[in-house]
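The values are calculated or read from the model by the stated rules, or taken from the named source; none is laboratory data. Keep in mind it's a predicted model, so treat the numbers as computed, not measured. Here the Cβ is made from the backbone with ideal geometry for all residues, glycine too, and neighbour counts use every protein chain on show.
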C-alpha cells in the first residue's frame, strides 16, 4: 500500500479513535457547558462512574442509556455551538492550534471558511 500520509492515523486506530481528548472540565471552560450537560458528559466518558448497576458498562454510561431529556439537552447544546466546537477541535485554540501561516495560507483559509459555511447550514 502506498504511504499517502494516512497510514500513521490508521496504524493506531485500534487504540485511539478521538480527534481531541481532554478532561471534560477543560471543555466546560472552553465552551461554557452547563452543569447538567457537564455531568452527563462525565458519565459518558467515565470520569464519573454510573451509580446504577443496570448499565452495559460499569465504567461509563452510553448516550442511549441517558434519559431522553438529557439526550435532547446534549444534542441541543452541541447543535447550537457546533461551529465553535468544530473550530476548536479541528483548528485548535491554544499553543497546539494548527498553523494557517504557510505557502498555501489563503487557500487553506478559503477551505476553512467554506467548511464553516457548510456546517452553519
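Annotations for the structure displayed:
- Filter result for residue 21 (out of contact with any strand residue (DSSP E or B) (no Cβ under 8 Å at 6 or more places or on another chain), at pLDDT 65 or above and loosely packed, with under 10 Cβ neighbours inside 10 Å): yes
- Test: residue in segment 85-103 that is touching a helix residue (DSSP H, G or I) at 6+ places or on another chain (Cβ under 6 Å) and at pLDDT 90 or above: no
- Residues that are surrounded by 11 or more Cβ atoms within 10 Å (Cβ to Cβ) and in a loop (DSSP other than H, G, I, E, B), drawn from segment 33-55: 33, 34, 46, 47, 48, 49, 50, 55
- Yes/no for residue 62 being farther than 21 Å from residue 89 by Cα and touching a residue at least 12 places away in the same chain (Cβ under 8 Å): yes
- For segment 64-79, the set of residues classified as more than 14 Å from the chain's Cα centre (by Cα) and assigned to a helix (DSSP H, G or I) consists of 64, 65, 68, 69, 70, 71, 72, 73, 76, listed by residue number.
- Qualifying residue in segment 62-73 (condition: touching a helix residue (DSSP H, G or I) at 6+ places or on another chain (Cβ under 6 Å), modelled with pLDDT of 80 or more and more than 19 Å from residue 28 (Cβ to Cβ)): no
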